[in-house]
Amino acid sequence: MSHTRVSLRTHTANVQRSEPTLPALPSDVFIANIASLLSKQSYKEEHQQKYAPVKEILALLGRGAILTGALLAPKSAPFFLSLIQESPDWETWKHYNVCYLRRTLRRLQQQKNVELVEEKGMTVIRLTENGKRKILKYSLKSLTIDKPRQWDGKWRLVLYDVPTVNKPLGDLIRQTLRTFGFYAIQDSVYLSPYPCFDQIEFLREYYQLGEKVQYMVVERIEHDDAYKTYFNLR
């Protein structure tokens, strides 16, 4: 009796892994507003005349400050200083040492956070989509709510409705609101006495929450003495 040997071959399929789809960027107007908030926040921190921190430079470019693309060319420092002085945003850039500024810009270009763009017959440095996303990430970690010297007597309520199946997102919102200094009245209801619409709008856009997050300005809350004590209001 003859036996037929059957050989089985395993074929390995070439499976290509698809890149994760990034969420759509907010509008350029929104990016500019958030960049302005981030720039303002950075300026309030320890501001050094000499250095050019990446976060500050990205924020300035994000809010629309103009820099000529010639700054990325290999020339001498005096030449670049004269270029910056001719910029319509000289008051913005004059705080930075030219060499440090160029070093930061080159690093941003290598990381594909900025690019050279032709505008009105002039080559300028602008943010790429990657650079805009970088601003959003910095903003999530850095934005705070300003405390005015005098409280206007109004309360800001933030309510959010995230399905329990998306608990990680709910946790992120809760953590961000606490970072902003909000007080939790209930699980999904947070309170602040300070104007913070821009910060909440950023939260909405960043996590693509839409109407899941509601911002309210309230004239009066009953029995608010405990809240006033918490926020040290008089």
Counting only residues that are more than 19 Å from Phe30 (Cβ to Cβ) and either assigned to a loop (DSSP other than H, G, I, E, B) or touching a Ser or Thr at 6+ places or on another chain (Cβ under 9 Å) (or both), how many does the range 161-179 have? 7
Does Gly181 count as at pLDDT below 95 and surrounded by 14 or more Cβ atoms within 10 Å (Cβ to Cβ)? yes
The range 146-171, subset modelled with pLDDT of 90 or more and hydrophobic (A, V, I, L, M, F, W, C), residue farthest from Val189 (Cα to Cα): Trp151
Odd one out for Pro148, checked against (1) part of a strand (DSSP E or B); (2) exposed (fewer than 15 other Cβ atoms within 10 Å of the Cβ); (3) of a type outside the set (A, V, I, L, M, F, W, C): (1)
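Yes/no per residue for (1) touching a Ser or Thr at 6+ places or on another chain (Cβ under 7 Å); (2) exposed (fewer than 15 other Cβ atoms within 10 Å of the Cβ):
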| site | (1), (2) |
| --- | --- |
| Lys112 | yes, yes |
| Lys120 | no, yes |
| Val124 | yes, no |
| Glu129 | no, yes |
Would you mind listing the helices (runs of 4 or more DSSP H) fully within the range 1-92 where at least 3 residues are over 28 Å from Pro195 (Cβ atoms) and either among the polar types (S, T, N, Q) or at pLDDT 60 or above (or both)? 77-85
Which one of these is farther than 16 Å from Ala65 by Cα, assigned by TED's automatic domain parsing to the domain that holds Leu38 and over 17 Å from the mean Cα position of the chain (by Cα): Gln85, Gln110? Gln110
Would you please name the residue that is farthest from Leu72 (Cα to Cα), looking only at residues in the range 120-145 that are at pLDDT 85 or above and polar (S, T, N, Q)? Thr144
Number of the exception - Asp171 against (1) surrounded by fewer than 15 Cβ atoms within 10 Å (Cβ to Cβ); (2) assigned by TED's automatic domain parsing to the domain that holds Gln214; (3) in contact (Cβ under 8 Å) with a residue 12 or more places away in the chain: (3)
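The values are calculated or read from the model by the stated rules, or taken from the named source; none is laboratory data. Keep in mind the model is a prediction, meaning the values are calculated, not measured. We place every Cβ from the backbone using ideal geometry, glycine too, and count neighbours over all the protein chains shown.
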